[in-house]
Amino acid sequence: MRDFHTPGRSGVLADSGMCATSHPLAASAAIDILRQGGNAMDAAIAGALILGCAEPAMTGIGGDCFALVAKPGVDVIAVNGSGRAPAALTADQMRAAGHSIMPLNDANAVSIPGAIDGFCAMSERFGSLGLADSFAPAIRYMEDGIPIAARAAFDYGQSSHVLQAGARAHFLPWGRLPHVGDRLALPGQADVLRRIARDGRDAFYTGDVAEDMVTSLRALGGTHTLDDFAAQKTTFHAPLSGLYKTRELLEHPPNGQGVTAHLLLNILSRFDISAMDPFGADRVHIEAEAARLAYDARNRFIADADHMDRLDHLLSPDTADRLAALIDPKRANAALLQSADAVHRDTIYITVVDRDRMAVSLIYSIFHGFGSGLASEKLGILFQNRGAGFSLAPGHPNELAGGKRPMHTIIPGMVRDDGRITMPFGVMGGQYQPMGHARLLSNLTDFGMDPQTAIDAPRSFADGPVLKLERGYSADVAAELAARGHKIDIPEVPIGGAQAIVIHPSGVLEGASDPRKDGCAIGY
């Protein structure tokens, strides 16, 4: 139980339904949908769409989505609503233009937006109300506007400089950075959602809306065509399953990076994490070294599933054994990734649970803050820059190619215990997400934390050569880690955000929401 003398929040308990997400208006709208008789999918779509206006730096209808969907007694389904590179775009073109890595704020970084097709496909397959009901709350908010919350204003300060001329007119209507309480309306997107609610996904991927996006992108140097948009299609898969101690973690398969969380947890399971101080230097050090190895493997191998043949290697216990053996428990190893060569040479989140205990774990993103910084001229659809996830290294499995999906950072998660889904969850934060999944599951499993405490706990992340430590760690821990050879950075931006709903054996729902965002868990 938390210390009620100190700032914090308790988990939210309810019986009939629960939503946890990063903005209260989105969570409230999702609960309204449940009260109207909608199911968890109807509610998740409603809340997610609102986040595109409430947190415009984080997500929007020009982005992608992934989901895990669970219904009692039915196999969990992984939904891939990610887009592909335009058919005419090649790695040779980008290299000939002088690029060794994909640019971030360029039309060529814009893959075809997949989220709308994903929402439409999920509504048809899993929903009960239909698009008109799920879209109605977002249409109303985008027409009337949503007050800018404190975290959204902070994100504007961090990322709005990437907004280029056309996008600035839609997303900086004040002619300056927003103040808390300023209202953002997106009437062009309200019009788009109204069309989709009436006519389905073709209203986005063909006709006037698609023409606005294609014309805008081609004017900015893109190779996109109407055929690229019309061809966008959501796919459905089985999730990846792995054990951490006695708990089963379900992750989305590639092109997402969920397998990275499995590899990381497999490495960590070779150490007695539960015997360590949960907020001490030993745990941070082991996690940092394990994360460097797991992310190195991700960068080598993860790609569009149609172009990837090393999934078994990443999930293999032998791979985890050999990588764990490279870790010195007391010293950061500067040559760690070079040593890993020998091993590899061989071979805006929302979760909803409804009264029937259907669980949806959905993540929806435009990648970097404000995505590519580019928007369609007429309707103000902000484009993601997921194409920046491609490699330009010749022969790499994730090498850019027309019609190919890039490696993706966004990953929804679920925990299953004894055959029963017990926790849909997600951790926002770009590259951090596999580490966030591993840390959250370890907090719950190794240290017995309740979900809100596990989310509140301070975070660390080995981001390349730098070890980021949130201010929740003591100065003594930071000094000890520096003495072990880590380059310490206290980041200005907190590390990620998280939401979770625990489904207790009694049937009671317990929602938890990250204070690093302005969201909440709401139940009824």
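None of the figures in this text is laboratory data; all of them are computed from the coordinates on show. Predicted, not measured: the structure shown is a model, and the values here were computed from it. Reconstructed Cβ throughout: ideal geometry from the backbone, glycine too, with neighbour counts over all protein chains shown.
Cα convex hull of segment 204-284: how many Å³ per residue? Intermediate values should be presented prior to the final figure.
Working: hull volume 13.9 nm³, N = 81.
It comes to 171 Å³ per residue, whole-number rounded.
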Log entry: pair-distance distribution for segment 393-479, C-alpha pairs binned every 5 Å from zero, whole % per bin is 3, 11, 16, 19, 16, 12, 9, 8, 5, 1, 0
Dipole of segment 44-133, Cα-centred, from +1 at each Lys and Arg C-beta and -1 at each Asp and Glu C-beta, to the nearest 20 debye? 120 debye
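Sorted by packing (mean other beta-carbon atoms within 10 Å per residue), highest first, where do 11-17, 249-255, 503-509 land?
Working: 11-17: 17.7, 249-255: 24.9, 503-509: 14.0.
Going from most to least packed, we get 249-255, 11-17, 503-509.
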Rounded D (µm²/s) - segment 250-332, Kirkwood Rh over Cα pairs, Stokes-Einstein at 10 °C, 1.306 mPa s: 120 µm²/s
Principal axis dimensions, largest first and in whole angstrom, of segment 66-152 by Cα: 50, 40, 24
Using the eigenvalues of the Cα gyration tensor, what equivalent ellipsoid semi-axes result for segment 172-238 when each is taken as the square root of five times the eigenvalue, whole Å, largest first? 27, 18, 13
Rg and Dmax of segment 330-460, Cα atoms, in Å? 19.0, 57
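Over 20 Å between Cα atoms: which of K330/K487; K233/K517; K245/K487 fall into that group?
Numbers: K330/K487 15 Å; K233/K517 32 Å; K245/K487 31 Å.
Flagged as over cut-off: K233/K517; K245/K487.
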On the principal axes of its Cα set, how long, how wide and how thick is segment 137-249? Give whole Å, largest value first. 52, 40, 32
Can you compute 3J(HN,Hα) from phi for each residue in segment 389-396, using the Karplus curve 6.51 cos²θ - 1.76 cosθ + 1.60 with θ = phi - 60°, rounded to whole Hz and x for Gly and Pro? x, 6, 9, 10, 6, x, x, 5
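Based on Cβ point charges of +1 for Lys and Arg and -1 for Asp and Glu, what charge dipole magnitude is obtained for the chain about its Cα centre, in debye rounded to the nearest 20?
On the way: 46 positive and 59 negative charges, 73 e Å.
The dipole magnitude comes to about 360 debye.
For segment 190-329, what class follows from the C-alpha gyration tensor (a ≥ b ≥ c being the square roots of its eigenvalues): rounded when a/c is under 1.5, otherwise prolate if a/b is larger than b/c, else oblate? Could you put the intermediate results ahead of the total?
On the way: a/c = 2.74, a/b = 2.61, b/c = 1.05.
Verdict is prolate for segment 190-329.
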Rounded to the angstrom and largest first, Cα extents along the principal axes for the chain equal 60, 58, 46
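For the chain, what proportion of DSSP beta bridges, expressed in % and rounded to the nearest 5, is antiparallel?
Working: 62 of 67 bridges.
Of those bridges, close to 95 percent are antiparallel.
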Only bridges whose two residues both fall in segment 464-524 count here: according to DSSP, what percent of them are antiparallel, nearest 5? 60 percent
Using the Karplus curve 6.51 cos²θ - 1.76 cosθ + 1.60 with θ = phi - 60°, what ³J(HN,Hα) values do you get for each residue of segment 313-318, in whole Hz, with x for Gly and Pro? 4, 5, 8, 5, x, 5
From the phi angles alone, apply the Karplus equation (6.51, -1.76, 1.60; θ = phi - 60°) to segment 264-273 and give each ³J(HN,Hα) in whole Hz, x where the residue is Gly or Pro. 4, 5, 4, 5, 5, 5, 7, 10, 8, 4
Using alpha-carbon coordinates alone, the radius of gyration and Dmax of segment 379-524 in Å work out to 18.3, 54
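How big is Rg to Rh over segment 462-524, alpha-carbon atoms, Rh as the Kirkwood inverse-mean-distance radius? Before the final figure, lay out the partial values.
Working: Rg = 16.9 Å, Rh = 14.4 Å.
Value, to two decimals: 1.17.
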The aspartates and glutamates whose Cα lies under 12 Å from the Cα of K71, excluding any fewer than 8 residues away in the same chain, are D354, D356
Which order, highest average first, do 96-104, 278-286 follow once you tally other Cβ atoms within 10 Å for each residue and take the mean per peptide? 278-286, 96-104
Descending packing, highest mean Cβ count within 10 Å first, for 68-78, 425-435 is 425-435, 68-78
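Give me Rg/Rg_expected for segment 60-209, where Rg uses Cα atoms only and Rg_expected = 2.2 N^0.38 Å with N residues.
Details: Rg = 18.2 Å, N = 150, 2.2 N^0.38 = 14.8 Å.
Cα Rg divided by the expected 2.2 N^0.38 Å: 1.23.
When 1/r is averaged over all different Cα pairs and the result inverted, which Kirkwood radius in Å belongs to segment 1-118? Mind dumping the intermediate values first?
Numbers: mean 1/r = 0.0567 Å⁻¹.
One decimal place: 17.6 Å for the Kirkwood radius.
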